[in-house]
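Take a look at the structure below.
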Amino acid sequence: MEFHMKKILIDAFVPYIGDIFDGVARTEVIQPEDFTPEAVADADALIVRTRTRCDAPLLEGSAVTFVGTATIGTDHFNLPWLASRGIEAVNAPGCNAPAVAQYVLASIYALVPEPEGLTVGVVGVGHVGRIVARWCEALGMNVLCCDPPRAEAEGPAGFVALDEIARRADIITFHTPHTKAPAPYPSHHLADEAFFASLQRTPLIINAARGPVVDNAALLRAMDAKRVSGCVIDCWEGEPAVSPELLARADIATPHIAGYSRQGKMRATQAVVNALLRHLGSEKVMDLGAPAPDAPAPSKEAVTASYNPFDDMAAMRAAALPADSAGGYPVLPPEVFERLRNHYSLREEVGA
């Protein structure tokens, strides 16, 4: 009887795969846009990133039994549908948490050189938010944590409501997944017109979570009304198409690369590859030597020396086309946004 070796399709921008699947499965590396129903029809497993939607239009009728994303988020997975088809779905939660925390702290120090004593509101206290909160507190900032799902599961101690953060915070940083109603505690447009109207301390707004968590149009109106002191935008509503006006006016604007560290990519690849090896019944284990994502709080000097977000903002704005005639702001084409992400030079995490 002929032996059938399983077939794995791998996104070309997932690094560090190497030859780990040799002798276990056949691998084919393809561009993100080449994950089509025709391409995946005879594949047994996919390793993808956030731009590949894994749902019925892509996978119905295919041989796929495993989809893994080398990212923390699963917005691009239709999890109920995958489960209904018996397709194992795996992500890499927490893989880039120290890198995002590095980005947030570096951005704070870039815009607020002496934030000690200020109050930081952390909205979403999961893998990333926990580290952001811990580092901010260790570096002399006061921290308010808002996470209704955790407060419901663990009790209210240590958590506050979003309206309290709106009243008290000098800096508000978002770290929630993107969910919509009827999901419990939907985060879509969590920062909306009403939220910005309720702000009391003209805070700095940071979105390194998911683009639609912040209503970008409402944010621009809040900037016009001087309800916020500024904003840091790494995740954009509608990306890879981004608001030309917000790109021009944000204090720090970057192309969704807050989590793009070498160590974070190693953790992500390792997590997904090992899950797939187990799925295939292999005893192989990938160990890339990435440090655990529970790094101790760094010093202010270490943070600022490790990363300068203005460099990435300069590259993003330099890639924009001249101002369009309608709005008067330079336009960043979606394909350029994707190119900036896909070819980003991975940075070292602070302390690495």
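The values are calculated or read from the model by the stated rules, or taken from the named source; none is laboratory data. Not measured: the values here are computed from a predicted model. Glycine also receives a Cβ, built like all others from the backbone with ideal geometry; neighbour counts cover every protein chain displayed.
General remarks:
- Complete set of residues in the stretch 314-343 that are buried (at least 17 other Cβ atoms within 10 Å of the Cβ) and either under 17 Å from the mean Cα position of the chain (by Cα) or among the small types (Gly, Ala, Ser) (or both): 320, 337, 338, 340, 341
- Residue in the stretch 256-268 that is without any contact (Cβ under 8 Å) to a residue 40 or more places away in the chain and over 20 Å from residue 210 (Cβ atoms) present: no
- Complete set of residues in the stretch 187-217 that are assigned to a loop (DSSP other than H, G, I, E, B), out of contact with any helix residue (DSSP H, G or I) (no Cβ under 8 Å at 6 or more places or on another chain) and surrounded by fewer than 20 Cβ atoms within 10 Å (Cβ to Cβ): 202
- Residue 120 vs. criteria of a type in the set (A, V, I, L, M, F, W, C), in contact (Cβ under 8 Å) with a residue 60 or more places away in the chain, in contact with a Cys (Cβ under 9 Å, 6 or more places away or on another chain) and at negative phi: no
- Residue 183 being among the hydrophobic types (A, V, I, L, M, F, W, C), at pLDDT 95 or above and in the same structural domain as residue 337 (by TED's automatic domain parsing): no
- Counting only residues that are more than 30 Å from residue 138 (Cβ to Cβ), free of Cβ contacts under 8 Å to residues at least 40 places away in the same chain and not assigned by TED's automatic domain parsing to the domain that holds residue 112, the stretch 277-336 holds 4 of them.
- Segments classed as strands (runs of 3 or more DSSP E), wholly inside the stretch 72-186, with at least 1 members that are within 30 Å of residue 345 (Cα to Cα): 88-90, 119-123, 171-174
- Residue tally, condition in contact with a Pro (Cβ under 7 Å, 6 or more places away or on another chain) and either part of a strand (DSSP E or B) or touching a residue at least 40 places away in the same chain (Cβ under 8 Å) (or both), over the stretch 230-246: 3
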